[in-house]
1. Considering only residues that are out of contact with any strand residue (DSSP E or B) (no Cβ under 7 Å at 6 or more places or on another chain) and within 17 Å of residue 63 (Cβ to Cβ), which ones fall in the stretch 20-44?
2. Suppose we keep only residues that are surrounded by 17 or more Cβ atoms within 10 Å (Cβ to Cβ) and over 13 Å from residue 62 (Cα atoms) within the stretch 96-110. Which one would you say is modelled with the lowest pLDDT?
3. Quick one: residue 94 ticks every box in (1) in contact (Cβ under 8 Å) with a residue 40 or more places away in the chain; (2) within 22 Å of residue 19 (Cα to Cα); (3) touching a strand residue (DSSP E or B) at 6+ places or on another chain (Cβ under 9 Å) bar one, so which box is it?
4. Which condition number does residue 61 fail, the rest of (1) out of contact with any helix residue (DSSP H, G or I) (no Cβ under 9 Å at 6 or more places or on another chain); (2) surrounded by 18 or more Cβ atoms within 10 Å (Cβ to Cβ); (3) over 20 Å from residue 17 (Cβ atoms) being met?
5. Yes or no: the stretch 83-90 includes at least one residue that is out of contact with any strand residue (DSSP E or B) (no Cβ under 6 Å at 6 or more places or on another chain), at pLDDT 95 or above, in a loop (DSSP other than H, G, I, E, B) and farther than 20 Å from residue 40 by Cα.
């Protein structure tokens with residue numbers, strides 16, 4: 001069951017910065033009973049910004065970008081490694097992308 005946000009809330013998050021995209025991810029995960037933490041893999045260039053923990057043992061690694069942001073070469077290589085290993089990984093530039101991804105997870109809290 002997905003969660004569509006109200007028009008005013010959506011307008012607030014109409015991504016002008018990476019921080020706003022990040023704040024929206026934190027909210028979208030929290031209403032699904034999960035949480036997210038900033039991560040840094042020591043010695044690994046291109047590692048993701050956040051680890052998202054959802055109910056039932058679901059863990060995603062997430063890279064966040066401003067709407068016009070670009071992935072570095074190291075981030076592209078990390079993303080390719082995650083795809084090759086079939087690890088849950090996503091990169092989001094907009095709140096709409098987060099909303100589409102989050103619809104795959106049941107809303108537990110509103």
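1. 20, 23, 24, 28, 40, 41, 44, listed by residue number.
2. 105
3. Among (1) in contact (Cβ under 8 Å) with a residue 40 or more places away in the chain; (2) within 22 Å of residue 19 (Cα to Cα); (3) touching a strand residue (DSSP E or B) at 6+ places or on another chain (Cβ under 9 Å), the lone unmet condition for residue 94 is (3).
4. Checking residue 61 against (1) out of contact with any helix residue (DSSP H, G or I) (no Cβ under 9 Å at 6 or more places or on another chain); (2) surrounded by 18 or more Cβ atoms within 10 Å (Cβ to Cβ); (3) over 20 Å from residue 17 (Cβ atoms), the one that fails is (1).
5. yes
The values are calculated or read from the model by the stated rules, or taken from the named source; none is laboratory data. Note that this is a predicted model, so its numbers are computed, not measured. All Cβ positions, glycine included, derive from the backbone under ideal geometry; neighbour counts span all protein chains shown.
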